[in-house]
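Structure first, then comments.
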Amino acid sequence: MSYPPEETLVYDLRLSSVGPSRISGTDVFHSPTGLDLAMKLHYLKTIYFFDSEMAQGLTIPRIKEGMFPWFNHYFITCGRFRRSDSGRPFIKCNDCGARFIEAKCDKSLDEWLEMKDWGSYKLLASQQVIGPELSFSPTILLQVTHFRCGGISLGLSWAHILGDPFAAFEFINTWGQFMNYLDLNKPINIPRPVPKPTGTGPQMDPVSVRRIDPVGDHWIPPNNCKMVTFSFQLTGSQMNYLQAQIWGPSGEQTPPFESLCAVIWYCVARVRPGFEPKTVTVCKPDPGHGNDIIGNNQVISKVEAGSECSITEIEFKVLASMLAEQGIDERNQIEEAMEKDEGVADFFVYGANLSFVDLEETNVYDLELKGKKPRFVYTTLQGVGDEGVVLVMPWPKGANKNGSDGKFVTMILPEDQILKIKSELKINGLLLESDF
């Protein structure tokens, strides 16, 4: 299937800024934690699609009207990065604002969603990264794209140094509350001071991160190969069948996330003979931590299969059990490694190993406008290392006729591997012919 050139899909971009409605003060600074700094080369992109009925009356002035009080609670995100004398990055809360982008698309919303041209989704959320001039680089960019039918998309570009995906989703859902004139009962984000030294730090870097040569003030990791994005849906029936195939009649099952990732782990190993991923990274929400205050709090665990045998020789249920039970949380080690270098070293997490990110229980569909939820939400990452990443998202509840809840999977992998991986996914029941 052929698609129109990217430059004709989305056009007529207009830029402005939006920020808090009150002054944050003078000499207000926010210091990211070591874990925040370890994520500074990554960016979350989330795109919300709204039908024309829901978008009716959502003019740009009305959209911005709800953003001014919203940014009063999140004024940290409207600041700009600086470096201390030691080189450690911090945010100066100077109310410079978020970048606001307006755009147009000649396709209808239905036509866009039917294309399933996942690479084109980058046109609906800004791909700008932080740097090379820190003082002029916004950490938040919001893009409203108007489709021919009257529907719109709202694309959020979120610098991961601000917080994990769960904090980002809570951030955008809060804007929805302001748009619906709801009372907001949550704390204002208070800037953090510079963390106190934690000691000498680990002798070796944690397995879940990869140290790279300094990138300076242009915050994006280098790649040795071209990375491409591919997404597909799994219905509730497909997930039930997958669990039955792996576990049989046994009442003992891992959650769907681990079962799904076990099959994908196997498929990736199949196309990397001699270089199969024996160690993977698993990112999951921390159930003991709320998301009202921005920050990186998701659990980052390493799972090591060992070198005794090939991943392709291990049963799915064994791989699933390893993912569920044998993960070792490395957040403290990452924090200590970052602080050991006074916050100036450059690391990346996603793609340091093959990485699985569990977003299936997120509140991503809780953004409501005029009492209705988005028709579809698409999430991806920018700044992924060569080992790749797999995001597992929820499918809209009630979208399947049988009432079962499905999953939506986005994979970012090297271009020269993607066709072989698709074939393996099809062989193992995750992909249908229509997904190619």
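The values are calculated or read from the model by the stated rules, or taken from the named source; none is laboratory data. These figures come from a predicted structure and were not determined experimentally. Cβ atoms come from the backbone with ideal geometry, glycine included; neighbour counts cover every protein chain shown. These area figures cover heavy atoms from the full protein model, side chains too; ligands, DNA and RNA do not enter into them. Shrake-Rupley method; radii C 1.70, N 1.55, O 1.52, S 1.80 Å.
Expressed as a whole percent, the accessible area of the chain that falls on carbon and sulfur atoms is 51 (1.4 Å probe). What the chain shows is 42 Å² of accessible area per residue, with the surface traced by a 1.4 Å probe over protein heavy atoms. Fraction of C-alpha pairs exceeding 28 angstrom in region 1-149: 30 percent, rounded to a whole number. Take each peptide in 231-244, 382-395, count the other Cβ atoms within 10 Å of every residue, and average; sorted highest first, the result is 382-395, 231-244. Expressed in Å, the radius of gyration and Dmax of the Cα atoms of region 292-436 are 18.1, 56.
Relative protection proxy for 140-152, 107-119, from highest mean packing down: 140-152, 107-119 (other beta-carbon atoms within 10 angstrom). The translational diffusion coefficient of region 1-83, from Stokes-Einstein at 10 °C and 1.306 mPa s with a Kirkwood hydrodynamic radius over alpha carbon pairs, comes to 94 µm²/s. Using the Cβ of Asp36 as centre and a radius below 12 Å, the other residues enclosed give a net charge of +1, where K and R count +1 and D and E count -1.
With Rh defined as the Kirkwood radius, the inverse of the mean 1/r over Cα pairs, the Rg/Rh of region 233-327 is 1.02. Straight-distance candidates among the aspartates and glutamates for linking to Lys186, with alpha-carbon spacing under 17 Å and chain neighbours fewer than 8 residues away dropped: Glu170, Asp292, Asp366. Largest GNM mean-square fluctuation across Thr281, Thr174, Thr59, computed for the chain with C-alpha springs under 10 Å, falls on Thr59. Centre-to-centre, using Cα atoms only, region 273-326 and region 139-216 are separated by 23 Å. Please find, in a Gaussian network model of the chain (springs between Cα atoms separated by less than 10 Å), the residue of Asp164, Asp341, Asp12 whose mean-square fluctuation is greatest. Comparing Asp164, Asp341, Asp12 in the GNM, the peak value goes to Asp12.
For the residue pairs Lys122/Lys340; Lys196/Lys284; Lys92/Lys373; Lys40/Lys317, alpha carbon separations beyond 32 Å are given by Lys122/Lys340; Lys92/Lys373; Lys40/Lys317. Semi-axis lengths, largest first, of the ellipsoid equivalent to region 86-174 are 29, 13, 13 Å, with √(5λ) applied to each eigenvalue of the Cα gyration tensor. Overall, the chain carries a charge dipole of about 920 debye about its Cα centre when +1 sits on the Cβ of Lys and Arg and -1 on the Cβ of Asp and Glu, all other atoms neutral.
The distance from the alpha carbon centre of region 97-138 to that of region 9-79 is 13 Å, rounded to a whole number. Scoring 370-381, 253-264, 39-50, 81-92 by mean Cβ neighbours within 10 Å over their residues and listing the highest first yields 39-50, 253-264, 370-381, 81-92.
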